[in-house]
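Here is the structure we will look at.
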Amino acid sequence: MAPSDMAPSDIAVLVVDDHALFTEALRARLTQEPDLGPVSVAYGAREAAERVAVTHPDVVVLDVVLDDGSGIDVLDHLREASPTSRVVMLTAVESVDDVVAALTRGARAWLPKTVDTGHLVRVIRGVNRGEAWLAPDLLGRVLADLAARTTTRRSTPLAGLSPREREVLQFMVDGLSRTEIAARLGVSGNTVRTHLQHLIAKLGVHSTLECVAVALRNGLRASDALN
C-alpha cells in the first residue's frame, strides 16, 4: 500500500498533537504545499473533536498519545462528527495492538514521527484519494496479528485476551467505571483506556458496551472469575 502523487484540489488538513513546537512546525511545512490547505491544529482530544465537528477536514493527522485523552478514542468522535474525514496516525507509538485498534476504528494510515515530511505529504494525498498506507514491516506484523486473532475467535472471542485484559473485562461486566477499574488495578486512567481500546479491537466491536455484550454471550457473569 504505497502513496502516489498527483495534483488534487485543495486538501483541508487538521494536525492533532499536544506538542506545540512539533505541531506548529508541521503546520508550517504542510502549508508550503500548494494543494494542502487550510492547515489547522488542535492540541488535545477535546479540541480535536470540537474542530472536526465544525471544520470537517479532509484529512486528520493524529497522534495516539494526547495530554487529555487517546487519539484512538478521537477516531470514534471523527466517525460520528465527520464521516468523510480520513485519518493518518502520526505517532511515536509502535504497538501492534494500537495499530490494529486504530485501523479497526477508521484510521487509514500509520506513520512514525520520524518519517520524512515529503513522504507524509504523499501519504496525506493518497489517503485523501481513498488509499491506505502502512510500512511494509508493520503491515506484515499487523496481518499476522489479525490472522492470529481470527483463529482464536473461532474457538471463543475471549481466548485471545491477555490476563490483564480479561481482568478488565470482568470488572466491566461487574459494572465498574473506568475510574473504579483504575483504582482496583492501581493504574492510571490512561492505562485503563488503553486496555479498553485493545479489548474493542480484539473482540471486533466498536464500544465498551459491545465488549460487555460479547462477554455475556460467551458465558461471563458478574463476579465470576475468568479462567
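The values are calculated or read from the model by the stated rules, or taken from the named source; none is laboratory data. Since we're looking at a predicted model, the values are computed, not measured. Cβ: placed from backbone, ideal geometry, glycine included. Neighbour counts: every protein chain shown. We work out accessible area using only protein heavy atoms, side chains counted, and drop any ligands, DNA or RNA first. Shrake-Rupley method; radii C 1.70, N 1.55, O 1.52, S 1.80 Å.
Do the conditions hold for Trp133, that is, is it of a type in the set (Phe, Trp, Tyr) and farther than 15 Å from Asp17 by Cα?
Numbers: of a type in the set (Phe, Trp, Tyr): yes; farther than 15 Å from Asp17 by Cα: yes.
Answer is yes for this residue.
Of the conditions (1) out of contact with any helix residue (DSSP H, G or I) (no Cβ under 9 Å at 6 or more places or on another chain); (2) open to solvent by 30 Å² or more (accessible area, probe 1.4 Å); (3) under 21 Å from Asp73 (Cβ atoms); (4) not hydroxyl-bearing (Ser, Thr, Tyr), Val127 clears all except one; give me its number.
Status for Val127: all satisfied but (2).
Is at least one residue of the range 42-58 touching a residue at least 40 places away in the same chain (Cβ under 8 Å) and under 11 Å from the mean Cα position of the chain (by Cα)?
no
Go through (1) at pLDDT 90 or above; (2) acidic (Asp, Glu); (3) under 17 Å from the mean Cα position of the chain (by Cα) one by one and return the number of the condition Glu180 breaks.
(3)
Out of all the residues in the range 96-121, which are within 12 Å of Arg79 (Cα to Cα) and modelled with pLDDT of 90 or more?
Of everything in the range 96-121, just one residue is within 12 Å of Arg79 (Cα to Cα) and modelled with pLDDT of 90 or more, namely Ala107.
Can you name the condition, by its number, that Ala159 falls short on among (1) in a helix (DSSP H, G or I); (2) open to solvent by 30 Å² or more (accessible area, probe 1.4 Å)?
For Ala159, the failing item is (1).
If you check Leu143 against the conditions, is it at pLDDT below 85, in a helix (DSSP H, G or I), under 30 Å from Ala28 (Cα atoms) and not charged (D, E, K, R)? Working first, answer last.
Working: at pLDDT below 85: yes; in a helix (DSSP H, G or I): yes; under 30 Å from Ala28 (Cα atoms): no; not charged (D, E, K, R): yes.
Judged against the criteria, Leu143 is not a match.
Got at least one residue in the range 1-8 being free of Cβ contacts under 8 Å to residues at least 60 places away in the same chain and in contact with a strand residue (DSSP E or B) (Cβ under 7 Å, 6 or more places away or on another chain)? Write out each step before concluding.
Start the filter on the range 1-8 by keeping residues that are free of Cβ contacts under 8 Å to residues at least 60 places away in the same chain, which leaves 7.
Then drop every residue that is not in contact with a strand residue (DSSP E or B) (Cβ under 7 Å, 6 or more places away or on another chain), which leaves none.
Within the range 1-8, not a single residue is free of Cβ contacts under 8 Å to residues at least 60 places away in the same chain and in contact with a strand residue (DSSP E or B) (Cβ under 7 Å, 6 or more places away or on another chain).
Here's a check for you: in the range 163-188, which residue that is of a type outside the set (D, E, K, R) and open to solvent by 40 Å² or more (accessible area, probe 1.4 Å) is nearest to Asp68 (Cα to Cα)?
Result: Ser188.
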